[in-house]
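Inspection log for the structure reproduced underneath, given as structure tokens.
The values are calculated or read from the model by the stated rules, or taken from the named source; none is laboratory data. These numbers were taken from a predicted model, which means no experiment stands behind them. Don't worry about glycine lacking a Cβ; one is built from the backbone with ideal geometry, like all the others, and counts go over all protein chains shown.
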Amino acid sequence: MSDNKSYKTTREYLLNITIIILSGLCLYLIVSLILSAYSEKKPGQREAIDTVVHPTKQPNFSIQIRLENGTGENRIGATFREYLKKQGYDVVELDNYKSTEVERTLIIDRIGDLKKATRIAEALGVSQRNIVQMIDPTKFVDATVIIGKDYKELKPFLEKTK
């Protein structure tokens, strides 16, 4: 009988330890859930990308750009793409602008980081007055550049004609 009694106490002891461990795990998960709920991002907000540390020699490679040719002329977008890639930017899309032709080149900030849009404007020779913010995380790019009819005044075209 004493052997059976010691078996029951050992079993109860192991069950109590298991209950304590599972209770601790549940408590940890509940606290984690509460903390993550309070630190959640706002809808439409992307995580900040560290642009200070650059593992490559291309400091602008972390900036992803969509190019749209709004000039109505062929091969202008390709010229801009080649130029931006040489400058270290990541041109992920190239397309024609869907609406009418555009007079002045525009840079559209898609993520709320005007520093990146300003760097693109400086690289192209576009006035900072032509930077607009239209945040749209569904575009999956940092900025959209719509090339206007003023392309002959901008750095990619000026450097190509040299």
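Restricting LEU124, LEU114 to residues that are without any contact (Cβ under 8 Å) to a residue 60 or more places away in the chain and either surrounded by 21 or more Cβ atoms within 10 Å (Cβ to Cβ) or outside the structural domain of ARG75 (by TED's automatic domain parsing) (or both) narrows the list to LEU124. Looking at segment 94-132, which of its residues are among the hydroxyl-bearing types (Ser, Thr, Tyr), touching a strand residue (DSSP E or B) at 6+ places or on another chain (Cβ under 8 Å) and within 16 Å of ILE147 (Cβ to Cβ)? Within segment 94-132, TYR97, THR105 qualify. Only residues in segment 65-87 that are among the basic types (Lys, Arg) count as the first member; pair them with residues that are in a helix (DSSP H, G or I) and surrounded by fewer than 20 Cβ atoms within 10 Å (Cβ to Cβ), Cβ under 8 angstrom, at least 6 apart or cross-chain, and list the lot. Taking only residues 6 or more apart or on different chains, the pairs are ARG66/LYS139.
In segment 127-152, the residue that is surrounded by the most Cβ atoms within 10 Å (Cβ to Cβ) out of those that are without any contact (Cβ under 8 Å) to a residue 60 or more places away in the chain and acidic (Asp, Glu) is ASP150.
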